[in-house]
1. Where Rh denotes the Kirkwood radius from the mean inverse Cα pair distance, what is Rg over Rh for region 280-368?
2. What do you reckon, how do 232, 283 stack up by accessible area (1.4 Å probe), largest on top?
3. One-quarter of the Cα convex hull surface for region 446-541, in nm²?
4. Using only the heavy atoms of the protein chains and a 1.4 Å probe, how would 660, 325 rank by accessible area, largest first?
5. What residues from region 328-349 fall in the zone where the backbone N is under 16 Å from a label point 7 Å along the Cα-to-C-beta line of residue 420?
6. Using a 7 Å offset from the Cα along the Cα-to-Cβ direction at both residue 160 and residue 293, what is the distance between the two label points in nm, to one decimal?
7. How high is the relative contact order of the chain, in percent, counting Cα pairs under 8 Å that sit 6 or more residues apart?
8. Multiply the residue separation of residue 327 and residue 360 by 0.36 nm, subtract the distance between their alpha-carbon atoms, and state the gained length in nm to one decimal.
Amino acid sequence: MYQANRQSGNLHVLLDIREAQIPLNLSACQPELAKMSEHQAFGDEKPAATQGLPEDVPTRPVQQNAAVATQVKDALAVLFAFRLINALCVRTFFQPDEYFQALEPAWQMAFGHESGAWLTWEWEHKLRSSLHPGVFALGYSMVFNYLATMPLSSSLRATVLVAIPKVIQAGFAALSDWYAWRLGEKLYGPNSAVAWSVLLMSIVNPWQWYCSTRTFSNSLEATLTIAALYHWPWELLGVSGGSKEKTPTPSPFQKPGAVNSLRMSLVLAGIAVLLRPTNSLIWLAIGTLMLTRFTLDGQSTLTPKTIFILVREGIFCGFCVLGLSLVADHQYFGEWTFPPYTWLHFNIAQSLAVFYGQNNWHYYLSQGIPLSCTTIAPFAIVGLWKATSLSSSKSIEMSNALKALALAVLTNISMLSLISHKEVRFIYPLLPILHILAAPYVTSFFTQVTEGGIPTASGAIGIKRKPYLAAGLLVNLFMAAYLSYFHGAAPIQVMGYLRGRFERIHPLNLAVSQKVNHTANPLELFALFLTPCHTTPWRSHLVYPALRARALTCEPPLHTEPGSPERANYVDEGYRFDANKVGFMSNDLWPASGDGEEIPRYIIGFEGIEDALQEYFGSSGPGADKGVTLKQTWSHWNGLFTDDDRKAGHLRVWSTGVYSENP
């Protein structure tokens, strides 16, 4: 909501987001706009950097005053509050990596090897950097130690520990929004309507709502990438200069703080590459364009001195980031290792990524961009195409930067399309870039210059094509609500149910950080998950190490060679159960020899396995002698559709009746 009033010659714009107001103090812009109309600010013609952009999108407006530069930082607090609400509202399951590549190793770091955390094969073979889960481990440890000083119930402590990663990730998500907005201001002008469009697209994008507060390494990668792009010295791509006589090329590092900004960019980019090696494609594209200057305009700033500074800082920052990674991973794994190399070896050389699915070459074009951008996908595609054809003859920083960003997107999508295994979240770091590329065309399509409209530094604007805008926002709202509360909600809800049952049945075994007494008899197997592997979170939601649980696994065939018959014929535990449920229970879980698994207190599975359970434990079934009397105690709908037919319908919990339900 915007409100405008005049006080002491200044125009105050109040941005109201969920009851929080941020005053953005703009200098009186009417006289300046009049000057711009007379002198065009960049000369007598349309600013060269805007050639190729929509005619009715004013860019490079009047300069911010010092008050705006200070107060605009307060927007970060509002964005954090918004993303915190976002994080707490998202109560659905998306992909296993959100938990098994971040929160499970983080839980082990914080609470020890006997905490019950489930470490997948990637961690056993050192494919992942410990830096990402280390952030959440620090949060776990700090909050747990603080909670230990307070007289809280075990249930409340567990609830807080489950929420801690959400709070941390909300901070990263807010930074992603903020840096995208700030980069938009750097390219399109402070407080311009186009820069505001970047922020608003980030806020109303349902995919951003769905993914930004999840603890994927891709989510942190997106934040690191857009922050690095904001700090990157875009003048390296070229600056405006005279063509008739040679003038000294200005160095982009002569400005105060320019070298420190470069260092910040290099460090952030380096960490992003360590987390996800494919992030290097973004920087390879920008670096190649900077060196070749293909399609770029203006004078090159790559003097020997500038190149020396780039090389010097690249080596310095690279060694700092690499050193941090090596020390952290040595501390965690107990030996010197370099996870990015191991990751490339297993996923590329050993082709293990194929084991988790294959997609068509056009997946990112036909599904990735439409899913990520949703209702703004047409504008993103136009922005991507237009950015490659922008021309400039005077002020060229913006056009060159947009060309570089477009090339980064195209390079990333092209190279990732060559890999068989594809997921939408792999291109998630490109989403803020696509928002920036789409912003001029969204602004042109939905706004117009209107006297007495919403004040911006580009002039007062009004909304046009309101029915289309309302329809788009309603679609976004519906998608965000469905994805937050219904699509894949059952795997999250069942963990809360099981934890609550354990608290009631075993009230004396609710310690979170404890050493296991190997001489004492452990508690019963509390939960057996007969679901596709990694369908639910694990210890980050079960919390208590005394709550013993078992689930079907899906380890890849590490012992086989690519293309070998052994790999082609390999079937993991989850699919073996799905192929012959009764046979799997008879031969693998509870064989007739009696040398099998424990009978659990609860069995968790989707509704499709109920007939098999009844057949196995029935009076004439192979498991009739187990003394099991199945009774459904909980059920939750898992959404309209799923990515796996085995997860369709309701997720259910059955009590086996073998154990007493009383404490």
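1. 1.11
2. Most to least solvent-accessible, the answer reads 283, 232.
3. Value for region 446-541: 12.5 nm².
4. 660, 325
5. It comes to 345-349, nothing else.
6. Once both label points are built, they end up 6.0 nm from each other.
7. Here the relative contact order equals 17 percent.
8. 7.9 nm
The values are calculated or read from the model by the stated rules, or taken from the named source; none is laboratory data. Values in this document were obtained by computation on a predicted structure and should not be read as measured data. Backbone-built Cβ (ideal geometry, glycine too); neighbour counts: all protein chains shown. Accessible surface areas use protein heavy atoms only, side chains included; no ligands, DNA or RNA. Shrake-Rupley method; radii C 1.70, N 1.55, O 1.52, S 1.80 Å.
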